[in-house]
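Peer 1: Handing you a structure now.
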Amino acid sequence: MVANARDLKKAKKDIQQAAEIIRRGGLVAFPTETVYGLGANAFSAPAVERIFRAKGRPGDNPLIVHISGGEGLGELVSEVPQNFRLLAEKYWPGPLTMVLPKGLRVPREVTAGLDTVALRMPQHPVALALIRTARLPIAAPSANLSGRPSPTTAEHVLEDLAGRIQFLLDGGPCTVGLESTVLDLTHKVPLLLRPGGVTLEQLQETLGEVQVLDSMEFKDEAPPSPGLKYRHYAPRAPMFLVEGEPSRVVKEIQKICRENRLKGRRVGLLVTEENRAYFRAEAIEVLGFRSSPEEMASRLFDSLRRLDTAGVDLILAETFEKTGMGLALMNRLCRAAQNRIIKAR
């Protein structure tokens, strides 16, 4: 069932129904400010296993547990690190996930057998209302098939999971459009595992020193955060990032488009508003202006899905500065392209 939850007051009964499904061990897709989540009772191993089956998600890929407040924290974590409350006061509710030592009640299915648990308090009013009504923490990865671009609208959820879930709360398009920042607080110096809506610069301003994970390789072990080990965010067509001086990037993309057109291949592009006029291709998605990486980030996953719908054979994308929200944008682009980069000559 799909319920229109864009008006929170009118959606009260639908949220109550969705919360009851969660309490009974079922699956509910719901909006957050980052992406749509696929939620289940975080204290129920069988319910959490249903998430993995619905998504086709590997069992060694941990989930994020969504909460609505500090109550019940003692059941989820065994220890509250020093910086936790400072960060929670500043960035919760919001797009920040914190990794903490896990409590005994959290099933190993949630954490992929790790001794840590990832917690977040989402900002979206529908997500908060669902958690509060269910009176349970909700484990929720993105509500898509594993490896596909994350869903930022209810329509995206249905593209991937229709017939696999019991209830979908349609809260409209997600505003941030990229998954949350993940920060591991179990180290002496906090470790940024995944960039997102709370930027590295903001974290450094709040905490001082913050380390950044410098390796994405977790071949024989569970990754400490979602989005690190497996193919993620990927469109169906092979995708390449074109990197270099801006004018050379434009010429390189033009050349690749010409070469592929002669071979009868359909090319899709992910480009900026500034460069849109320079390109001819079968499908062009404009992310926005370079001066607004937040806008570009919010459009990324929808643009990748549009290129899938266009049936292109190849996708080329511009690259961006890895500062502010640009770091998260480039993180997702690199994962979607599986680190395939063309150097503009």
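The values are calculated or read from the model by the stated rules, or taken from the named source; none is laboratory data. Just so you know, these numbers come straight off a predicted model, no measurement behind them. All Cβ positions, even for glycine, are placed from backbone atoms using ideal geometry, and neighbour counts span all protein chains on display.
Peer 1: If you go through the range 276-296 one residue at a time, do you hit one that is without any contact (Cβ under 8 Å) to a residue 12 or more places away in the chain and either buried (at least 19 other Cβ atoms within 10 Å of the Cβ) or more than 24 Å from T175 (Cα to Cα) (or both)?
Peer 2: yes
Peer 1: Then there's this: Mind checking which helices (runs of 4 or more DSSP H) fall wholly inside the range 58-172 and carry at least 3 residues that are of a type in the set (D, E, K, R)?
Peer 2: Output list reads 84-91, 154-161.
Peer 1: Search the range 173-193 for residues being in contact with a helix residue (DSSP H, G or I) (Cβ under 7 Å, 6 or more places away or on another chain) and not in a loop (DSSP other than H, G, I, E, B), and hand back the single one that is farthest from L38 (Cα to Cα).
Peer 2: So, considering only residues that are in contact with a helix residue (DSSP H, G or I) (Cβ under 7 Å, 6 or more places away or on another chain) and not in a loop (DSSP other than H, G, I, E, B), the one farthest from L38 (Cα to Cα) is L192.
Peer 1: Before we move on, is R266 surrounded by 19 or more Cβ atoms within 10 Å (Cβ to Cβ) and either among the hydrophobic types (A, V, I, L, M, F, W, C) or at pLDDT 95 or above (or both)?
Peer 2: Spelling it out, it is not the case that R266 is surrounded by 19 or more Cβ atoms within 10 Å (Cβ to Cβ) and either among the hydrophobic types (A, V, I, L, M, F, W, C) or at pLDDT 95 or above (or both).
Peer 1: With respect to R194, is the statement that it is in contact (Cβ under 8 Å) with a residue 24 or more places away in the chain, under 22 Å from A47 (Cα atoms) and either out of contact with any strand residue (DSSP E or B) (no Cβ under 7 Å at 6 or more places or on another chain) or buried (at least 21 other Cβ atoms within 10 Å of the Cβ) (or both) true?
Peer 2: No: the conditions fail for R194.
Peer 1: To continue, here is another question. Filter the range 323-345 for residues that are charged (D, E, K, R) and surrounded by 15 or more Cβ atoms within 10 Å (Cβ to Cβ) and give the result.
Peer 2: R332, R335
Peer 1: Going through the range 109-135 one residue at a time, which ones are more than 22 Å from the chain's Cα centre (by Cα) and either closer than 13 Å to V48 by Cα or surrounded by fewer than 18 Cβ atoms within 10 Å (Cβ to Cβ) (or both)?
Peer 2: Passing the criteria: D115, R132, R135.
Peer 1: When you go through F301, F320 one by one, which is the residue that is among the aromatic types (F, W, Y), in contact with a His (Cβ under 8 Å, 6 or more places away or on another chain) and touching a residue at least 24 places away in the same chain (Cβ under 8 Å)?
Peer 2: So the residue among F301, F320 that is among the aromatic types (F, W, Y), in contact with a His (Cβ under 8 Å, 6 or more places away or on another chain) and touching a residue at least 24 places away in the same chain (Cβ under 8 Å) is F301.
Peer 1: Still on this structure, I have one more. Kindly provide the set of residues from the range 14-28 that are farther than 10 Å from T133 by Cβ and touching a Ser or Thr at 6+ places or on another chain (Cβ under 9 Å), ordered by number.
Peer 2: Within the range 14-28, just G25 meets the criteria.
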